[in-house]
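Since the structure comes first, as structure tokens, the remarks are kept for the end.
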Amino acid sequence: MDAEGKSDTVHVDDCIIIGAGPAGLTAAIYLARFHLSIRLFDCGTSRAALIPRTHNHAGYPGGIRGTALLALMQQQAAEFGAVREERRVESLRKDGQFFEVTTGERTVKARTVLIATGVFNRHPPEMADDLHDAALERGLLRYCPICDGYEVTDRKVAVIGTGDHGTAEALFLRGYTRDLTLISPDGEHDLDDACNTKLDEAGIIRKSGPCGSYAIEGDRLAVETADGMLAFDSVYPALGSHIRSELAVDVGATASEDGCLDVDEHQRTSVEGLFAAGDVVKGLDQISHAMGQAGVAATTIRNYLADKYTLYR
């Protein structure tokens with residue numbers, strides 16, 4: 001199209017967004033409204049889709065299902081011409097000034113890429129998928145105390161975890177209820193003196209595992225412990241997450257030890273033209289935070305492209 005890198009023969013998108021959760025969809029809305037050529041790849045595994053109903057996302061009195069929120073965002077992005085494809089990206093590489101994104105046997109090119117692939121929560125050990133999904137739908141199993149701790153106020157709650165991470169999650173939930181039990185997933189707890197002291201001061205019960213049997217009993221979720229099956233109004237796994245940053249790391253982006261992508265204040269990774277937003281970046285794993293990062297990333301992408309190519313209409 002011009003002498004500055006836009007080709008008449010091979011289509012090159014201005015930006016490809018990998019991941020279609022709140023971060024990816026927010027960026028798609030911004031970038032489409034900047035009159036940029038964008039493509040959004042959605043493999044259908046956004047964590048937001050698993051939310052039965054979020055009550056802390058501003059603007060929705062009474063709450064909104066995660067799937068409903070995503071559907072509204074998809075509709076809004078489509079209104080402005082964002083192209084969304086239900087495909088899993090298998091590889092990402094940089095060839096000169098362009099990125100190459102491969103899905104199956106198809107490869108597309110882009111001037112910039114935004115990684116919004118998020119994270120995957122580690123499930124309780126040996127919990128069957130159908131039981132997991134049923135418990136999650138009913139609020140018997142929860143993953144985000146910041147999102148839904150309010151909903152377990154004064155309820156009987158368990159945290160599956162140990163060590164510093166399990167202790168921190170149990171202490172956070174202690175702000176909502178005094179009836180708390182910390183269950184080790186694998187056997188005896190791995191708690192140092194500092195953790196035990198904090199748990200004692202908070203009145204948090206400890207039970208050894210291993211976990212391995214679960215059952216929905218009426219309005220409670222029962223969990224196996226060394227003392228037998230114990231039932232709770234809600235159970236929080238505190239087992240960490242898998243950060244889905246492999247595509248970016250493969251192309252040279254730096255990441256923290258746990259896999260979160262390193263970005264600057266404008267959501268730029270260490271690879272020129274590669275940006276990241278949402279839970280794949282170190283920070284508060286919240287929809288509102290992901291959307292804010294996406295707005296920053298999208299605006300930076302627009303300005304980056306304007307410095308390299310003619311964006312005048």
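The values are calculated or read from the model by the stated rules, or taken from the named source; none is laboratory data. This is a predicted model, so every value here is computed, not measured. Ideal geometry is used to build each Cβ from the backbone, glycine not excepted, and the neighbour counts take in all protein chains shown.
Working only within region 19-63, note down all residues that are in contact with a strand residue (DSSP E or B) (Cβ under 6 Å, 6 or more places away or on another chain) and basic (Lys, Arg). Arg39, the sole residue that qualifies. Name the residues in region 295-313 that are out of contact with any strand residue (DSSP E or B) (no Cβ under 8 Å at 6 or more places or on another chain), among the aliphatic types (A, V, I, L, M) and modelled with pLDDT of 95 or more, would you? Matches in region 295-313: Val296, Ala306.
Screening Thr181 against (1) of a type in the set (S, T, N, Q); (2) surrounded by fewer than 17 Cβ atoms within 10 Å (Cβ to Cβ); (3) assigned to a strand (DSSP E or B) leaves a single unmet condition, (2).
Could you figure out which of (1) in the same structural domain as Val113 (by TED's automatic domain parsing); (2) surrounded by 21 or more Cβ atoms within 10 Å (Cβ to Cβ); (3) without any contact (Cβ under 8 Å) to a residue 60 or more places away in the chain; (4) not aromatic (Phe, Trp, Tyr) isn't true of Cys195? Just one mismatch for Cys195, condition (1). When the residues of region 169-178 are filtered to those that are without any contact (Cβ under 8 Å) to a residue 60 or more places away in the chain and surrounded by 14 or more Cβ atoms within 10 Å (Cβ to Cβ), the one that is nearest to Arg220 (Cα to Cα) is Thr177. Can you confirm whether region 105-119 contains a residue that is basic (Lys, Arg), within 23 Å of Val280 (Cβ to Cβ), assigned by TED's automatic domain parsing to the domain that holds Ile287 and touching a Lys or Arg at 6+ places or on another chain (Cβ under 8 Å)? Yes; the residues of region 105-119 include at least one that is basic (Lys, Arg), within 23 Å of Val280 (Cβ to Cβ), assigned by TED's automatic domain parsing to the domain that holds Ile287 and touching a Lys or Arg at 6+ places or on another chain (Cβ under 8 Å).
Examine region 69-87 for a residue that is among the β-branched types (Val, Ile, Thr) and within 17 Å of the chain's Cα centre (by Cα), and state whether such a residue exists. Give the derivation first.
Initially, region 69-87 is screened for residues among the β-branched types (Val, Ile, Thr), giving 83.
Narrowing the set further to residues that are within 17 Å of the chain's Cα centre (by Cα) leaves none.
The answer is no; no qualifying residue exists.
Residues of region 271-313 that are touching a helix residue (DSSP H, G or I) at 6+ places or on another chain (Cβ under 9 Å) and closer than 18 Å to Arg33 by Cα: Met291, Gly292, Gln293, Ala294, Gly295, Ala297, Ala298, Thr299, Ile301, Arg302, Leu311. When region 30-63 is filtered for residues that are closer than 29 Å to Thr300 by Cα and not in a loop (DSSP other than H, G, I, E, B), the ones remaining, listed by number, are Tyr30, Leu31, Ala32, Arg33, Ile38, Arg39, Leu40, Phe41, Arg47, Ala48, Ala49. Taken over region 41-62, the residue count meeting the criterion of being basic (Lys, Arg) and either loosely packed, with under 14 Cβ neighbours inside 10 Å or free of Cβ contacts under 8 Å to residues at least 40 places away in the same chain (or both) is 1.
So, Ala194, is that one in contact with a strand residue (DSSP E or B) (Cβ under 8 Å, 6 or more places away or on another chain) and small (Gly, Ala, Ser) or not? First the steps, then the outcome.
Numbers: in contact with a strand residue (DSSP E or B) (Cβ under 8 Å, 6 or more places away or on another chain): no; small (Gly, Ala, Ser): yes.
Judged against the criteria, Ala194 is not a match.
Considering only residues in region 75-96 that are out of contact with any strand residue (DSSP E or B) (no Cβ under 7 Å at 6 or more places or on another chain) and within 21 Å of Gly273 (Cβ to Cβ), the one that is surrounded by the most Cβ atoms within 10 Å (Cβ to Cβ) turns out to be Lys94. Would you say Tyr143 is assigned to a loop (DSSP other than H, G, I, E, B), not aliphatic (A, V, I, L, M) and not assigned by TED's automatic domain parsing to the domain that holds Gln293? Criteria met by Tyr143. Residues considered: Asp148, Asp133. Of these, the only one that is surrounded by fewer than 21 Cβ atoms within 10 Å (Cβ to Cβ) and not small (Gly, Ala, Ser) is Asp133. In this structure, is Ala134 under 21 Å from the mean Cα position of the chain (by Cα), at negative phi and modelled with pLDDT of 95 or more? Considered against the rule, which asks whether it is under 21 Å from the mean Cα position of the chain (by Cα), at negative phi and modelled with pLDDT of 95 or more, Ala134 comes out as yes.
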